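The values are calculated or read from the model by the stated rules, or taken from the named source; none is laboratory data. Just so you know, these numbers come straight off a predicted model, no measurement behind them. We place every Cβ from the backbone using ideal geometry, glycine too, and count neighbours over all the protein chains shown.
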Amino acid sequence: MTPDPAVATEVRECRMLSADEVAELVEAYRRGATELSLARKFGVHRQTVDRHLERAGVAKRPVVKMTPARVEQAIELYEQGLSTNQIGKKFGISGSTVWKALKRAGIQMRAPVAR
């Protein structure tokens, strides 16, 4: 019988961080590390990092993915013919985030290309 690809074949163990690891995680975040980088470093999910920061009373930094400078750059790239997905890959974000930012900036969007 062929395994169903929609069913996870690998079970990940729940990784519990020690008190020292949580303290290190919190300090690294305060020094500027991102939640995603900390999740990778400690081998936990990003939401786990978020919960540890919340429990420690850490004020979370806002996540700004499309700064005004990035929007201007995205407009230029879009007008040069790049898709929102291609622009998103350049910025390390999703194409839908780029699309929304361009739309908010008043850019006339091209029809989506079917694959």
Item to check | The one condition in (1) under 13 Å from the mean Cα position of the chain (by Cα); (2) exposed (fewer than 14 other Cβ atoms within 10 Å of the Cβ) that residue 51 fails to fulfil | outcome: (1)
Checklist outcome for this item: Filtering region 56-106 down to residues that are of a type in the set (Gly, Ala, Ser), within 27 Å of residue 37 (Cα to Cα) and exposed (fewer than 14 other Cβ atoms within 10 Å of the Cβ) yields 57, 59, 69, 92, 96
Next on the checklist: Please go through region 29-49 and give me each residue that is over 21 Å from residue 65 (Cβ atoms), in contact with a helix residue (DSSP H, G or I) (Cβ under 9 Å, 6 or more places away or on another chain) and part of a helix (DSSP H, G or I), ordered by number.
Outcome noted: 41, 42, 48
Item to check | Residue match in region 10-24 (condition: among the β-branched types (Val, Ile, Thr) and within 26 Å of residue 92 (Cα to Cα)) | outcome: no
Checklist entry - All but one of (1) of a type in the set (Val, Ile, Thr); (2) surrounded by fewer than 16 Cβ atoms within 10 Å (Cβ to Cβ); (3) under 30 Å from residue 22 (Cα atoms) hold for residue 113; which doesn't? => result (3)
Checklist entry - If you go through region 16-33 one residue at a time, do you hit one that is modelled with pLDDT under 95, within 14 Å of the chain's Cα centre (by Cα) and not hydroxyl-bearing (Ser, Thr, Tyr)? => result yes
